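Student: Right, I'll just put the structure down here and ask away after.
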Amino acid sequence: MNSAQPSTRRAGRTAWLLAAAALLVTGCSTPMDPRGDSRLQSAAYTTNRPVVRPTRSVSSFSDSLMCMDHMLRAAQLPTTLITSKQVVDYSSRVPVAVKDMIITSLSQMSRLSNAFRYVDYEVDIVRQDTVQNLTTILLNNNLMQLQRPALYVSGAIAFVDQNVVTNRFDAGTSASRLDTGYSNSRTATVIGLEMHLGDFRTRTLIPGLDSANEVVIGSGSQGLDVAGRIGSYGVNFNVGRDYALGAGGAMRTLVDLATIELVGKWARVPYWQCLTLDQTHPDFQRQMRDWFAESGGVGQARLVQSSLIAQGYLQAGTDMLAMDSPALRTALAQFQVDNLLVPTGVLDFSTYERAMRHFVALAPDGSLQRVGWGPSGPTSTMAKASALAANALSLSSTEAQPRRLDMQIENTLPPGVPPTFEVGEQVFASVTVSRTSHLYCYFSDPAGNVMRLTPNNVNTHSLVAANQAVRLPDWMVPNPAFIMDATSPGVERVACFASDADALPRLPAPLQGSGLVTVSGYHGLEDIDRAFNQALGEGNYTRGEMSWQVVPKKAPPPAPAQPAAAAPAAAR
């Protein structure tokens, strides 16, 4: 009786396996109906979306590029055409678009100064696109003129030395029923980039205008293995964590640094002042991330709102606003636009880091320290967050930064001489505002006649972002809305007014009319200033002004006297 039981069990298992196999074969032979998966597939629309908001690509030298932009504007360099060669990666281990990174770096150094304009022309047939093909057709038919650049950038990813330093540790134990293992490894790779600046006319590299820098990227891994046996069953666990610093961010840092060095040496400006900012410290982003996590939601909100008040994006004395407050979201969006961030109106780490970077400095030992954040003595995370939140208002204890207008004549003028133009000569100017504002610019001739330059019938919007050069006139477009010619001898003036709110509907009716026409009833820019003062109130707008002297056109020099023709010889 007992000997038959194993045979019965084996037969039962065999029958069960045969039944399962028959069911599987039957199921596989029947076509699947996709309609049964409609509920699953309907989730693909949302599942396919990213779960993290996009963020602006920045490097350790992003602030240095903006610093260079201001420095080049102060140097009043004329606009220079520039291009670049393809940056070759001889190691084939860094597949990044270095040429496009160079274009971005040059563009960020030209937002205010208009220092560079990149000539985009590709001769490699493989890399040509629709725009390039159209350009070639127009050039071949003399329907397009391609300006010759003055400079070009040349360079290469010189080397990639992988695993220069390796640190590895492995250990394990073994027993009859338990095996364990632990591993820890770290590696470092060095990437080198060399770039040069050349004279396009002679196709020669300019001596001394070179940059050779290296950066280290690393990776690390840590793992734990546990294997055990209970009876005839085995259990195995494997856990680990890894990190790998990508080559893309490292290359952007190298390109930004090299571009700053090349441009600074070429323009002969003290570019090193832009490379010694605290924000270029290698640990800046990571330290800010730690502080961001420590402060918590309440602390982050208080700190950032205090910074927005200090920088003029929120009114002084504003109470703590809820994170979904329309006023706070508007202020955050304006701040994000002005700081080259994605304007979401949401407080994320990128916004936090941009808002707080003005309150971080290098300590004497080279580490980063908080400035004006209140005491940071507590050691626990919750205590730190409470202390930061309680003392966040110390950031706004100083007076809010006023809005600034920067107006500049863009014509090349002799240094140290008041701007002077002859009658009929074109005048080019630009204006920038320190934070997003509504901007209105007016022109006054020597007789006091006034007209509004912007907004006008072509550029109807008055809202402009911070640090964006508004050109008067816009010489970058083929058909500008107006031109400024020196009209008659005397002093010509341009004044611009910036405000947080749209001032045009509040101004008197004559000032609400179309731009580029003489405003009746107003004489000189002082009348315009009084109208803004009455409409917005003292302190609710910012005014900037520039002027130049117009002199009569010089008479052309007399033509040189032609020698008299020789008399014909007398006939003999």
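The values are calculated or read from the model by the stated rules, or taken from the named source; none is laboratory data. Computed from a predicted structure; not experimentally measured. Every residue, glycine among them, receives a Cβ derived from its backbone with ideal geometry; neighbour counts consider all protein chains shown. All accessible areas refer to the heavy atoms of the entire protein, side chains included, with ligands and DNA or RNA removed. Shrake-Rupley method; radii C 1.70, N 1.55, O 1.52, S 1.80 Å.
Student: Checking Glu261 against (1) of a type in the set (Asp, Glu); (2) assigned to a helix (DSSP H, G or I); (3) out of contact with any strand residue (DSSP E or B) (no Cβ under 7 Å at 6 or more places or on another chain), which single condition isn't satisfied?
Tutor: The single condition Glu261 does not satisfy is (3).
Student: Under the condition of being modelled with pLDDT of 90 or more and more than 39 Å from the chain's Cα centre (by Cα), which residue from region 528-569 is most open to solvent (accessible area, probe 1.4 Å)?
Tutor: Pro552
Student: Which of (1) under 20 Å from Pro54 (Cα atoms); (2) at pLDDT 80 or above is the odd one out, the single condition Gln285 does not satisfy?
Tutor: Just one mismatch for Gln285, condition (2).
Student: Could you list, ordered by first residue, the pairs with Cβ atoms under 8 Å in which the first is in region 177-198 and farther than 30 Å from Arg229 by Cα and the second is in a loop (DSSP other than H, G, I, E, B) and at pLDDT 95 or above, at least 6 apart or interchain?
Tutor: If the second residue must be in a loop (DSSP other than H, G, I, E, B) and at pLDDT 95 or above, no pairs are left.
Student: Among (1) within 30 Å of Ala363 (Cα to Cα); (2) out of contact with any helix residue (DSSP H, G or I) (no Cβ under 6 Å at 6 or more places or on another chain), where does Ile260 come up short?
Tutor: (2)
Student: Looking at Val458 and the list (1) in contact (Cβ under 8 Å) with a residue 12 or more places away in the chain; (2) open to solvent by 40 Å² or more (accessible area, probe 1.4 Å); (3) within 25 Å of Ser488 (Cα to Cα); (4) not hydroxyl-bearing (Ser, Thr, Tyr), which single condition is not satisfied?
Tutor: Condition (3) is where Val458 drops out.
Student: Moving on. Does region 263-307 hold any residues that are of a type in the set (D, E, K, R) and either farther than 30 Å from Thr79 by Cβ or buried (at least 19 other Cβ atoms within 10 Å of the Cβ) (or both), and which are they?
Tutor: Asp278, Asp283, Arg286, Arg289, Asp290, Glu294, Arg302
Student: Grab the helices (runs of 4 or more DSSP H) fully contained in region 33-76, keeping just those with 1 or more residues being surrounded by 10 or more Cβ atoms within 10 Å (Cβ to Cβ) and under 12 Å from the mean Cα position of the chain (by Cα).
Tutor: Those helices (runs of 4 or more DSSP H) span 62-75.
Student: Sort out which residues of region 77-97 are of a type outside the set (Asp, Glu), over 24 Å from Gln147 (Cβ atoms) and outside any loop (DSSP other than H, G, I, E, B), and write them in order of number.
Tutor: Matches in region 77-97: Val88 only.
Student: Another question about this same structure. Which condition breaks for Gly345 when tested against (1) at positive phi; (2) not in a loop (DSSP other than H, G, I, E, B)?
Tutor: So Gly345 meets the others, but not (2).
Student: Another one. Here are the criteria: (1) within 23 Å of the chain's Cα centre (by Cα); (2) crowded, with 16+ Cβ neighbours inside 10 Å; (3) at pLDDT below 85. Tell me which single one Asn391 does not satisfy.
Tutor: Single failed check for Asn391: (1).
Per-residue answers, yes or no, for (1) of a type in the set (Gly, Ala, Ser); (2) in contact (Cβ under 8 Å) with a residue 12 or more places away in the chain; (3) within 29 Å of Leu193 (Cβ to Cβ):
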site: Ala258; (1), (2), (3): yes, yes, yes
site: Glu261; (1), (2), (3): no, yes, yes
site: Gly299; (1), (2), (3): yes, yes, no
site: Ser307; (1), (2), (3): yes, yes, no
site: Leu321; (1), (2), (3): no, yes, no
site: Ala327; (1), (2), (3): yes, yes, no
site: Asp338; (1), (2), (3): no, yes, no
site: Val342; (1), (2), (3): no, yes, yes
site: Glu353; (1), (2), (3): no, yes, yes
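Student: Can I ask one more? Exactly one condition in (1) free of Cβ contacts under 8 Å to residues at least 24 places away in the same chain; (2) surrounded by fewer than 10 Cβ atoms within 10 Å (Cβ to Cβ) is not met by Gly208; state its number.
Tutor: (1)
Student: Consider only pairs whose beta carbons are under 6 Å apart and that are at least six residues apart or on different chains; among these, list those whose first residue lies in region 228-255 and is of a type in the set (D, E, K, R) and modelled with pLDDT of 80 or more and whose second residue is surrounded by 10 or more Cβ atoms within 10 Å (Cβ to Cβ) and assigned to a strand (DSSP E or B).
Tutor: If the second residue must be surrounded by 10 or more Cβ atoms within 10 Å (Cβ to Cβ) and assigned to a strand (DSSP E or B), the pairs left are Arg241/Gln222; Asp242/Ser221.
Student: Still on this structure, please answer the following. I'd like the residue in region 425-455 that is open to solvent by less than 20 Å² (accessible area, probe 1.4 Å) and under 24 Å from the mean Cα position of the chain (by Cα) and, out of all such residues, is farthest from Arg404 (Cα to Cα).
Tutor: It comes out as Ser430.
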